[in-house]
Structures are given as structure tokens and as C-alpha cells.
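These notes are about the structure you will find just below.
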Amino acid sequence: MARFTASTRSDALVKADRMKVWNVLTDPVLLPKLTPYLAKIVADGDHWRWEMVKLPVLNLTIAPSFTEKMTFEEGKRIEFTHDPPASTKERAAAEGWYELRETDQGTELSIDLTLEVELPLPRAAAPAVNKVMKRVMDGMGDKFAANLLAHVS
């Protein structure tokens, strides 16, 4: 097993009220409806289990799921860090944050996200796997942004 990582960072102006955007980002039922490849989120207090659909990675098909400890600074910032239950071994993880800043034109939304996944592939496959992971993350981000804009407009 080898661990593979991909990261993304983006900033966007969302022409909507900051609290309207905040309400979307903190809704574990709505987020999967707006986010491609995200099947569901199971929220248990400040721990959210993110469950993805099956994704092709080279000659494998994976359905990653991971538990995140969510920290909320009302209306301004969401941080998440991988924190699985003690008796659980998760082969995927996410780390990052969302930040919202109110402007005259709407909400500046910044996102920083790193995903890791453990796969039964040789470490030498890293360039190909990381490329696939990055392509999927970028596609998810683009589609989520479009869906978010449509939802809050």
C-alpha cells in the first residue's frame, strides 16, 4: 500500500450574502447535492463522515470515505482535520479549510484542501495517481462552484 496526495487552493467571489454561503457550507444534507462524487455526509456532532461514490483510479475503482473533525467559526471559517473513530482504519483523509470574507460585491470564498488516499499500488505510480486525483478534485471544485452559485443566486 502506498499513500497518494493531491491539493487544491482556490479563491472566488460569490455574489451572495456571506451567511447564505455559510449556510450551504455547513449543511451536511445539502452539500452532497451540490458536490459531484460526494454520495453523502453523515454528521455526528462536530465529526462528519464524508462518503464518496466509486471513482476510477488507474486500474482500480475506489469509494473513499473519511471522518473529519469540523471546527466552525460562525460565518467566517470552517476547518477540517482527519479524525477517524479510534477503532477505525480509514484509507482516505482530508485536511483543510474554507474561509468567507464579506465584500461590497458579495462573499470572497477561499478553499484549501488536501486529500490523501492509501491504495494497493506501487509508490512509483504516484505521478499518474496524483494526476488523476488532481483532475478529479479540479472537476469537483468547478462543478461545486457552479452549483453553489446557482443555489445562492
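The values are calculated or read from the model by the stated rules, or taken from the named source; none is laboratory data. Given the structure is predicted, the values throughout are model-derived calculations rather than measurements. Counting neighbours? That spans all protein chains shown, and the Cβs are built from the backbone with ideal geometry, glycine included.
Scanning the range 1-26 for residues that are touching a helix residue (DSSP H, G or I) at 6+ places or on another chain (Cβ under 8 Å) and basic (K, R) yields K15, K20. Hey, does the range 31-51 have a residue that's aliphatic (A, V, I, L, M), closer than 21 Å to D138 by Cα, modelled with pLDDT of 95 or more and surrounded by fewer than 15 Cβ atoms within 10 Å (Cβ to Cβ)? Within the range 31-51 (the criterion being aliphatic (A, V, I, L, M), closer than 21 Å to D138 by Cα, modelled with pLDDT of 95 or more and surrounded by fewer than 15 Cβ atoms within 10 Å (Cβ to Cβ)), the answer is yes, since at least one residue qualifies.
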